[in-house]
There are 2 protein chains.
Amino acid sequence: MPKAEKILEKFNLKKTNFRIELIELFQSSSSSLTADEIKQKINSTNDKVTIYRALTAFEKKCLIHRVPDKSNLIRYALCQKECSQTHHKHNHAHFICNICSKTFCLNDIKLPQIDNTSGFKINKTQLTLEGSCPACN
Amino acid sequence: MPKAEKILEKFNLKKTNFRIELIELFQSSSSSLTADEIKQKINSTNDKVTIYRALTAFEKKCLIHRVPDKSNLIRYALCQKECSQTHHKHNHAHFICNICSKTFCLNDIKLPQIDNTSGFKINKTQLTLEGSCPACN
DNA sequence: ACTTAAACGCAACTGAATTGCATAAAAAAA
DNA sequence: TTTTTTTATGCAATTCAGTTGCGTTTAAGT
């Protein structure tokens with residue numbers, strides 16, 4: 001796992017205490033995070049705007065990606081190596097736990113190949129599973 | 001297509017002008033609707049609370065179901081016959097158009113069967129496709 | 001050390017969705 | 001039909017996630 005500072009450097013982002021801590025938080029998190037969850041868990045800032053702006057910047061650099069959320073919140077998870085600095089490339093499924101409401105990336109489950117149907121041109125496929133996660137079972 | 005009044009009767013809902021018009025609006029809509037879109041298109045009420053409450057009631061009776069939305073809005077589409085009055089049963093995919101931002105139900109595309117994986121117990125599967133819809137192509 | 005571009009932090013704002021409560025109207029009962 | 005009950009409506013106010021503006025701070029390059 002690359003060090004947070006290295007990652008910020010690679011993506012041309014400034015190494016502030018908060019952003020370092022934020023990357024480390026994502027790395028140590030088994031599932032995904034909302035802005036509010038981040039605010040609870042982080043020490044180096046108390047301002048939600050700072051959090052939102054970091055998330056937007058990270059997403060643009062393809063460091064994190066949005067994942068579906070049970071309550072339609074904006075929720076992020078770390079990207080895998082396949083993502084370049086300019087293009088997201090995800091082919092894994094997401095799992096929403098109906099008990100703890102966390103969203104997990106299921107990197108093992110690949111997306112089905114859907115052929116273009118009746119005039120719909122398909123650019124992206126998302127597979128979202130719901131149920132109960134290992135911790136809640 | 002059953003008449004709106006019949007549907008309200010079947011689901012033990014009162015036949016108010018607004019709810020009749022709302023069902024007819026859903027029936028005549030090729031895609032799906034948000035509360036705001038409904039407000040634009042409907043005459044018999046001007047109050048968003050009334051709209052939200054009707055949507056909640058309809059969803060509970062399995063008359064409409066939530067569909068994914070590009071901007072995380074709550075968006076609904078009519079249910080198919082498979083849904084009972086107490087249980088939603090959907091096995092179709094959804095399509096989000098990145099141009100007009102509408103969401104369509106693709107009743108032809110069936111969901112892939114995913115086996116339970118590494119401790120995740122799967123109760124529900126959702127397949128969401130993105131791209132451009134026939135009207136926008 | 002100086003400069004500048006990126007990041008921060010506070011306040012104020014937006015917009016979707018919700019809640020409370022009093023009123024109206026539909027359906028059921030008398 | 002009239003009365004009663006239940007459901008639906010409408011207005012005001014609230015909540016809460018997310019955004020915008022703007023002045024200040026700080027990291028990093030010169």
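Conditions: (1) modelled with pLDDT of 95 or more; (2) among the acidic types (D, E); (3) more than 23 Å from A:R66 (Cα to Cα). B:D69 meets all but one. Number of the miss?
With (1) modelled with pLDDT of 95 or more; (2) among the acidic types (D, E); (3) more than 23 Å from A:R66 (Cα to Cα) applied to B:D69, the lone miss is (3).
Restricting the stretch A:28-65 to residues that are closer than 19 Å to A:C133 by Cα and surrounded by 15 or more Cβ atoms within 10 Å (Cβ to Cβ), which is farthest from DNA strand C (Cβ to nearest atom)?
Quick first cut of the stretch A:28-65, residues closer than 19 Å to A:C133 by Cα only: A:28-34, A:37.
Still in the list and also surrounded by 15 or more Cβ atoms within 10 Å (Cβ to Cβ): A:29, A:31-34, A:37.
Numbers: A:S29: 19, A:S31: 23, A:S32: 20, A:L33: 16, A:T34: 15, A:E37: 17 Å.
Selected residue: A:S31.
Test B:S118 against the stated conditions and say whether it is among the small types (G, A, S), over 30 Å from A:T117 (Cα atoms) and surrounded by fewer than 12 Cβ atoms within 10 Å (Cβ to Cβ).
yes
Suppose we filter B:N116, B:N98, B:N137 for residues that are farther than 22 Å from A:P68 by Cβ and either out of contact with any Phe, Trp or Tyr (no Cβ under 9 Å at 6 or more places or on another chain) or facing chain A (nearest Cβ under 10 Å) (or both); which single one remains? Reasoning before the result, please.
Working: B:N116 fails: farther than 22 Å from A:P68 by Cβ; B:N98 fails: farther than 22 Å from A:P68 by Cβ.
None of the others qualify; the one that does is B:N137.
Those residues that are more than 7 Å from DNA strand D (Cβ to nearest atom), touching a residue at least 12 places away in the same chain (Cβ under 8 Å) and among the hydroxyl-bearing types (S, T, Y), I need them from the stretch B:45-57; list them, please. Steps first, answer last, please.
Filtering the stretch B:45-57 for residues more than 7 Å from DNA strand D (Cβ to nearest atom) gives B:48, B:51-52, B:55-56.
Pick out the ones that are also touching a residue at least 12 places away in the same chain (Cβ under 8 Å) and you get B:48, B:51-52, B:55.
Matches in the stretch B:45-57: B:Y52 only.
Of these, B:E24, B:E130, which one is of a type in the set (D, E) and more than 10 Å from chain A (Cβ to nearest Cβ)?
Working: B:E130 fails: more than 10 Å from chain A (Cβ to nearest Cβ).
The unique qualifying residue is B:E24.
Taking the stated definitions as given, is B:T86 buried (at least 17 other Cβ atoms within 10 Å of the Cβ) and in contact (Cβ under 8 Å) with a residue 24 or more places away in the chain? It would help to see each step written out before you state the result.
On the way: buried (at least 17 other Cβ atoms within 10 Å of the Cβ): no; in contact (Cβ under 8 Å) with a residue 24 or more places away in the chain: yes.
For B:T86, the condition - buried (at least 17 other Cβ atoms within 10 Å of the Cβ) and in contact (Cβ under 8 Å) with a residue 24 or more places away in the chain - is not met.
Taking only pairs six or more apart or across chains, which ones have beta-carbon atoms under 8 Å, a first residue in the stretch A:12-28 that is closer than 17 Å to A:L78 by Cβ, and a second residue that is assigned to a helix (DSSP H, G or I) and away from DNA strand D (no atom under 13 Å from the Cβ)?
Between residues of the stretch A:12-28 that are closer than 17 Å to A:L78 by Cβ and residues that are assigned to a helix (DSSP H, G or I) and away from DNA strand D (no atom under 13 Å from the Cβ), the close pairs are A:L25/A:K41.
Step by step: first the residues of the stretch A:10-21, then only those that are closer than 11 Å to A:N43 by Cβ and of a type outside the set (F, W, Y), then the one that is farthest from DNA strand C (Cβ to nearest atom). Which residue is that?
Across the stretch A:10-21, the extreme among qualifying residues is A:E21.
The values are calculated or read from the model by the stated rules, or taken from the named source; none is laboratory data. Computed from a prediction, not measured in an experiment: that's the story for all the values here. Glycine gets a Cβ as well: all are built from the backbone with ideal geometry, and neighbour counts include every protein chain shown.
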